[in-house]
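One structure below.
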Amino acid sequence: MNNQDSPINEKLYNRWIIVLSIVIPLVVALLFSVNLQKLGYDVEPLSFLPPIYATINGFTAILLIAAFWAVKNGKLKLHENLMKTAIGCSVLFLLMYVAYHMTSIETKYGGEGTLKYVYFFILITHIVLSIAVIPLVLISFVRALSKRFDKHRKIARITFPIWLYVAVTGVVVYLMISPYYQN
């Protein structure tokens, strides 16, 4: 791929990045608000999913750290494979998260006092940054695909800590709310 092809491809991808960065949060919010049980459908709650998608978040965090180590040690193909796997895990998490919330009754956090404020701070920052990280991940990925590694490194320095925070806080949120899940 020569340099003349790269900006054209990036422009095409940039349109998709914009669309996906808007559509994904909107669709998730829409589907999150649709509860099939409340709509009268006889669906089995997918109550087994939260520990699975929390584990996937934890695995994503491990993948991100391993990918960071790989790139710092010149293992570029390993870095690429780890990052693709991390993206796949994030997509899988999102699908399971939406499926769970579409089939299960909302779980309210039952903690009190300072812990309640800590939980909501972590939850709110997790949600806001999970939306913000979508275009960052996509831009980082496209810049790597187009072999624009100078620009990839610049955005990856921002993307990595935010994505890692989202992955880790996803596990923390699960651990904090899991005692309140209804079986």
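Applying the selection to region 23-53, what residues are aromatic (Phe, Trp, Tyr), in a loop (DSSP other than H, G, I, E, B) and modelled with pLDDT of 90 or more?
Listed by number, the list holds a single entry, PHE48.
Kindly indicate whether any position in region 143-159 is modelled with pLDDT under 95 and of a type in the set (A, V, I, L, M).
Checked region 143-159: at least one residue is modelled with pLDDT under 95 and of a type in the set (A, V, I, L, M).
Scan region 88-109 for residues that are in contact with a helix residue (DSSP H, G or I) (Cβ under 7 Å, 6 or more places away or on another chain) and outside any helix (DSSP H, G or I) and report the count.
Residues in region 88-109 being in contact with a helix residue (DSSP H, G or I) (Cβ under 7 Å, 6 or more places away or on another chain) and outside any helix (DSSP H, G or I): 3 in total.
Listed residues PHE68, PHE32, PHE48; which is closer than 18 Å to TYR97 by Cβ and either of a type in the set (Lys, Arg) or within 19 Å of the chain's Cα centre (by Cα) (or both)?
On inspection, the qualifying residue turns out to be PHE32.
Applying the selection to region 128-162, what residues are out of contact with any helix residue (DSSP H, G or I) (no Cβ under 9 Å at 6 or more places or on another chain) and either among the β-branched types (Val, Ile, Thr) or surrounded by 17 or more Cβ atoms within 10 Å (Cβ to Cβ) (or both)?
VAL128
Need pairs with beta-carbon distance below 9 Å; first residue on the phi > 0 side of the Ramachandran plot and within region 131-159, second among the polar types (S, T, N, Q); sequence gap 6+ or separate chains.
Once the first residue is on the phi > 0 side of the Ramachandran plot and sits in region 131-159, its partners that are among the polar types (S, T, N, Q) give LYS147/SER6.
The values are calculated or read from the model by the stated rules, or taken from the named source; none is laboratory data. Values in this document were obtained by computation on a predicted structure and should not be read as measured data. No Cβ is skipped: glycine too gets one built from the backbone with ideal geometry, and neighbour counts run over all protein chains shown.
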